[in-house]
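Let me begin by presenting the structure, written as structure tokens, before commenting on it.
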Amino acid sequence: MTRTPENLTTSTVEAWGAVRAHRPLVQCLTNTVVTNFTANVLLALGATPAMVDLPGEAGWFAQVASGVLINLGTPTQEQRSAMREAAAAAADAGTPWVLDPVAIGALPVRTALAKELTALHPTIVRGNASEIIALDGAGVGGRGVDATDSVEEAVAAAVRIARRGGGVVAVSGPTDVVTDGVETVRLGNGDTLLTRVTGGGCALGAVMAAFAGEEDPFTASVAAITVYNVAAEIAAQSAAGPGSFAVAFIDALAGLDAATLRRRAVIS
Amino acid sequence: MTRTPENLTTSTVEAWGAVRAHRPLVQCLTNTVVTNFTANVLLALGATPAMVDLPGEAGWFAQVASGVLINLGTPTQEQRSAMREAAAAAADAGTPWVLDPVAIGALPVRTALAKELTALHPTIVRGNASEIIALDGAGVGGRGVDATDSVEEAVAAAVRIARRGGGVVAVSGPTDVVTDGVETVRLGNGDTLLTRVTGGGCALGAVMAAFAGEEDPFTASVAAITVYNVAAEIAAQSAAGPGSFAVAFIDALAGLDAATLRRRAVIS
Amino acid sequence: MTRTPENLTTSTVEAWGAVRAHRPLVQCLTNTVVTNFTANVLLALGATPAMVDLPGEAGWFAQVASGVLINLGTPTQEQRSAMREAAAAAADAGTPWVLDPVAIGALPVRTALAKELTALHPTIVRGNASEIIALDGAGVGGRGVDATDSVEEAVAAAVRIARRGGGVVAVSGPTDVVTDGVETVRLGNGDTLLTRVTGGGCALGAVMAAFAGEEDPFTASVAAITVYNVAAEIAAQSAAGPGSFAVAFIDALAGLDAATLRRRAVIS
């Protein structure tokens, strides 16, 4: 099926219904700043969070989970071992997994780990423009991070990562971009308040892992981003600031319905 | 004194008053997902949280705390050492302690730890039906986890754990059950929104540790569950979803009064 | 310039404007209970949080950050290494850093670490009365913690710490006190609800690190405490309890304006 905005919108609504119906088990190996928010976002979505990130448990769990998130925000030594274990087990078992290379570029521990994990072929990579450009550089050896990276430069980097076998790549920003190296779509939903809440991007990675258990990685990425950003738009309508926005966002994600999602989705 | 629903209700109100008056110091060795929510729940209850979970400090603190919570949600190697230290010191000092065997059954690290800690005779064990059945199996060697475990099967497991010296056992579910192996009570308060907020069960374990410093383990368990679930019912009345419910729950716990607690308590 | 209440108020408003304009990068090595709240507080303030607390990364980052917070709430072995690395690098690079000696006194691991870090001359030390008195004792060898410590005894301890080269010292309490060992000011803003939210004090340490990148340590401390406590007063007006207060506090910090800050500031 050709991917048109129309049928991607339909797929998004169907994928959301599938997540609601199946309550996919999402394993998160993520940073200490956002674990609570991430788990609450998954519960509000209708998925089942499980923060199993111990060596000796993470690999076993990655075989039974519907999807796995590996987020490099605060990767302690023990969590790094668990991440390697989970990524390898997910790859073996065919469990889709999402890599979120938080703040890579100049920070050496996570940058090396991102390179290592990328070699295991994540199903989806999610990051902001700087992270995606840094990941592209780490792959070929040398390009640094630039806080002023344009989205278009990041899109070129995303396409390169995808073509080298790095899975579907999603770049978060004012407009979100999803590419598999061949096709590239732009997603227009969202609200800037999402950037004022810590974990706004990190929790999206977990939502992508939830959808990846229900759909192909490209459709899953489009659907996850659109559902997430539509909920943000609804929440922003009643928010008095980032505190009340975060609360309303959880409520909006839990209260979403198919008609609203279809009506609000902006995919091009 | 015979435990009738009437005098357990009276004891619940009195125990709640004692917590408010004494502000018991509750040491929590708990998972990274719920630390913040747990601390805020304890503060709203009127207790004093202290997340002291380092080897070299945890044992000392368990001797001076009013109650200790050991929750196996994300037990890193360092935290596991601290948990052993705290459980042993609590047992030595006579400090009541609560074991929450999160997600035990198939996950090997935490299941082995739960077995080891159970041998130190926790004052109270709290878990959902699957966890209690798994803990019963771990004690005798072999029974696995089943996500479809009925509450009644869990009650039988809870009675066995209690009779083997595993303390008072509380099973969380649509109806909560507390048993000391001889007497068993069923508690009817609560709201399903509590299952949509991460840490809804984990924070209850901390509240049980707070009450255990004020009352015998059986009464403390009944009182903690009833107070917690009455606050959930009050919060659900004004919540628009799980996000606003979590906020209203903290407010309701902080704003609770004895008359409301007595009027709403459902103990049978 | 002499520090009068009038010109400290003016400096506070200007420092707040500078934080808003420059969005300082604040590195936090802090405890697992409050990371999420701390990051959201920094975002609401207008600063940029970065929870970089790994050995091998923390020192590098401390050289590029505008300010660093080292909070001893749950210092794992790995985080303790990162804290030493960050403090040394901050000292070398001239990056201002804030030490928050959480719960020191009787707990041996953190008390020894606080003593070691104090020897590296933190730019600012922030604590409650007991912590400041304990830190003073640790410096000269012997004085213990007393939960009934008066603010005035803590002020004397704060002056001694500052004179021994421990930087500017801030004592949190019903009235906040800031001293550099020569001048001492008292700050009258705030609301008791702030003590009912976990991380109320810890997140203030991060806000002080944000201001320390914009102003001298004394002015930065006064400005940070005043901004923080004015936001608490505004939040308290609409809060129904500690849960809704925490949400409203983030909104109030994000929505603050210079005229309100100037009108409400109580500096003496």
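Whether any residue in the stretch B:103-110 is in a loop (DSSP other than H, G, I, E, B), farther than 30 Å from B:Ala252 by Cα, aliphatic (A, V, I, L, M) and within 19 Å of the chain's Cα centre (by Cα) is what I want to check.
The answer is yes; a qualifying residue exists.
Is it true that some residue in the stretch C:195-205 is basic (Lys, Arg) and without any contact (Cβ under 8 Å) to a residue 60 or more places away in the chain?
So far as the stretch C:195-205 goes, yes, one or more of its residues are basic (Lys, Arg) and without any contact (Cβ under 8 Å) to a residue 60 or more places away in the chain.
Just one of (1) within 14 Å of chain B (Cβ to nearest Cβ); (2) assigned to a helix (DSSP H, G or I); (3) crowded, with 24+ Cβ neighbours inside 10 Å trips up A:Ala254, so point out which.
A:Ala254 satisfies every listed condition except (3).
Residues in the stretch C:87-113 that are among the hydrophobic types (A, V, I, L, M, F, W, C), more than 13 Å from every other protein chain (Cβ to nearest Cβ) and touching a strand residue (DSSP E or B) at 6+ places or on another chain (Cβ under 9 Å): how many?
7
Please determine whether any residue of the stretch A:173-181 is crowded, with 22+ Cβ neighbours inside 10 Å and either of a type in the set (Ser, Thr, Tyr) or free of Cβ contacts under 8 Å to residues at least 24 places away in the same chain (or both).
yes
Name the residue, out of A:Ile225, A:Ile234, that is under 16 Å from A:Ala44 (Cα atoms), in contact (Cβ under 8 Å) with a residue 24 or more places away in the chain and within 14 Å of chain B (Cβ to nearest Cβ).
A:Ile234
Quickly run through the stretch C:237-251 and pick out the residues that are out of contact with any Ser or Thr (no Cβ under 6 Å at 6 or more places or on another chain) and either hydrophobic (A, V, I, L, M, F, W, C) or more than 8 Å from chain B (Cβ to nearest Cβ) (or both).
Within the stretch C:237-251, C:Gln237, C:Ser238, C:Ala239, C:Ala240, C:Phe245, C:Ala246, C:Phe249, C:Ile250 meet the criteria.
I want to confirm something. Restricting to the stretch C:32-55 and keeping residues that are of a type in the set (A, V, I, L, M, F, W, C) and not in a loop (DSSP other than H, G, I, E, B), which single residue is nearest to the other protein chains (Cβ to nearest Cβ)?
Within the stretch C:32-55, the match that is nearest to the other protein chains (Cβ to nearest Cβ) is C:Ala39.
From the list A:Pro75, A:Pro5, A:Pro49, which one is closer than 30 Å to A:Asp257 by Cα and under 19 Å from the mean Cα position of the chain (by Cα)?
Step by step, each of A:Pro75, A:Pro5, A:Pro49 is checked, and only A:Pro49 is closer than 30 Å to A:Asp257 by Cα and under 19 Å from the mean Cα position of the chain (by Cα).
Is there a residue being farther than 19 Å from C:Asn36 by Cβ, within 12 Å of another protein chain (Cβ to nearest Cβ), surrounded by fewer than 24 Cβ atoms within 10 Å (Cβ to Cβ) and small (Gly, Ala, Ser) anywhere in the stretch A:56-77?
yes
Restricted to the stretch B:238-251, and to residues that are touching a Phe, Trp or Tyr at 6+ places or on another chain (Cβ under 8 Å) and free of Cβ contacts under 8 Å to residues at least 60 places away in the same chain, which residue is surrounded by the fewest Cβ atoms within 10 Å (Cβ to Cβ)?
B:Ala239
Going residue by residue through the stretch B:210-232, is there one that turns out to be assigned to a helix (DSSP H, G or I), farther than 20 Å from A:Ala246 by Cβ and touching a Lys or Arg at 6+ places or on another chain (Cβ under 6 Å)?
Yes; the residues of the stretch B:210-232 include at least one that is assigned to a helix (DSSP H, G or I), farther than 20 Å from A:Ala246 by Cβ and touching a Lys or Arg at 6+ places or on another chain (Cβ under 6 Å).
Of everything in the stretch B:1-31, what is surrounded by fewer than 24 Cβ atoms within 10 Å (Cβ to Cβ) and either polar (S, T, N, Q) or facing chain C (nearest Cβ under 9 Å) (or both)? Give them in sequence order.
B:Thr2, B:Thr4, B:Asn7, B:Thr9, B:Thr10, B:Ser11
Please pick out the residue among A:Ala235, A:Ala203 that is farther than 19 Å from C:Ala39 by Cα and surrounded by 24 or more Cβ atoms within 10 Å (Cβ to Cβ).
Criteria check complete, one pass: A:Ala235.
Laboratory data are not the source of any read-out in this text; all were calculated from the coordinates shown. As the structure is a computational prediction, the values presented were derived from the model and not from experiment. Glycine gets a Cβ as well: all are built from the backbone with ideal geometry, and neighbour counts include every protein chain shown.
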